[in-house]
1. Cβ contacts < 8 Å: first residue without any contact (Cβ under 8 Å) to a residue 12 or more places away in the chain and farther than 11 Å from residue 50 by Cα, restricted to region 4-30; second residue more than 10 Å from the ligand (Cβ to nearest atom) and not aliphatic (A, V, I, L, M), any location; separation 6+ or different chain. Result?
2. Pick out the one residue from 57, 126, 95, 116 that is under 17 Å from residue 171 (Cα atoms) and modelled with pLDDT under 90.
3. Show the residue pairs meeting these rules: Cβ distance below 6 Å; 6+ apart or different chains; first residue within region 105-124 and within 18 Å of residue 56 (Cα to Cα); second residue assigned to a helix (DSSP H, G or I).
4. Which members of region 1-54 meet the condition of being within 14 Å of the ligand (Cβ to nearest atom), at pLDDT below 90, among the aliphatic types (A, V, I, L, M) and assigned to a loop (DSSP other than H, G, I, E, B)?
5. Hey, any hits in region 79-98 for a residue that's surrounded by fewer than 14 Cβ atoms within 10 Å (Cβ to Cβ), in contact with a strand residue (DSSP E or B) (Cβ under 8 Å, 6 or more places away or on another chain) and not hydroxyl-bearing (Ser, Thr, Tyr)?
6. From the residues in region 114-132 that are over 17 Å from the mean Cα position of the chain (by Cα) and in a loop (DSSP other than H, G, I, E, B), which one is surrounded by the fewest Cβ atoms within 10 Å (Cβ to Cβ)?
7. Is it true that some residue in region 69-83 is within 16 Å of the ligand (Cβ to nearest atom), charged (D, E, K, R), part of a loop (DSSP other than H, G, I, E, B) and at pLDDT below 90?
Amino acid sequence: MVDLHLRENAACGECRAPRLHVCHRPGNPNRTEAKSKHPWRVEHGIVTGGLIKRVSPAMVHTYFEYLTTEYPRGAGHGMLLVQLHGADTGQPWAPVGARRMLGRAGKRAGLGIVKPHAFRHSFTSPVLDAANGNLLIARDAGGWASAAMVDEVYGHVDVHDPVFDAALRTVWGETK
Ligand SMILES: [Zn+2]
């Protein structure tokens, strides 16, 4: 949870708007590790570096609602997604837990089999549309279609780029 900087002007100095730092952490209690290995560090309890991603207002809202209504007190591990019921209440989810939850939700919604990777794929086309086909923006928004695109598209979009900002807001369903 220390990697989530969901308030304006976080103490890291890198997050003017809500963002999260994707940090490769080999020591997570559920043995998950982010694939990207951008350097990061913790100074005075504040995370800097890693791969910084924008966070939608809907995600921020869902986070605070979950933390204030469902998240068990005194979990003591700092992991966000945890077991909410049963003997393992408060224990962090392994990746299989997230996949199963998504599978059940997909079935309930009549969508068939939904896998986590589907979100990345379904994000690509709308971002490309909203950014007038700018591949750099689509990739840095996190919606790249394939590993090849990551290799083929060089450079990075300025996180404060107004076109980048507008594309994300359009895909997030925020009207101006
Ligand atoms: Zn930050």
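The values are calculated or read from the model by the stated rules, or taken from the named source; none is laboratory data. Keep in mind that this is a model prediction, so the values were computed, not measured. Neighbour counts are summed over all protein chains in view; Cβ atoms, including those assigned to glycine, are modelled from backbone coordinates with ideal geometry.
1. If the second residue must be more than 10 Å from the ligand (Cβ to nearest atom) and not aliphatic (A, V, I, L, M), the pairs left are 26/33.
2. Among 57, 126, 95, 116, only 126 is under 17 Å from residue 171 (Cα atoms) and modelled with pLDDT under 90.
3. Cβ pairs passing all conditions: 124/138.
4. Selection gives 17 alone.
5. no
6. Looking at residues that are over 17 Å from the mean Cα position of the chain (by Cα) and in a loop (DSSP other than H, G, I, E, B), I get 132.
7. Looking through region 69-83, none of the residues is within 16 Å of the ligand (Cβ to nearest atom), charged (D, E, K, R), part of a loop (DSSP other than H, G, I, E, B) and at pLDDT below 90.
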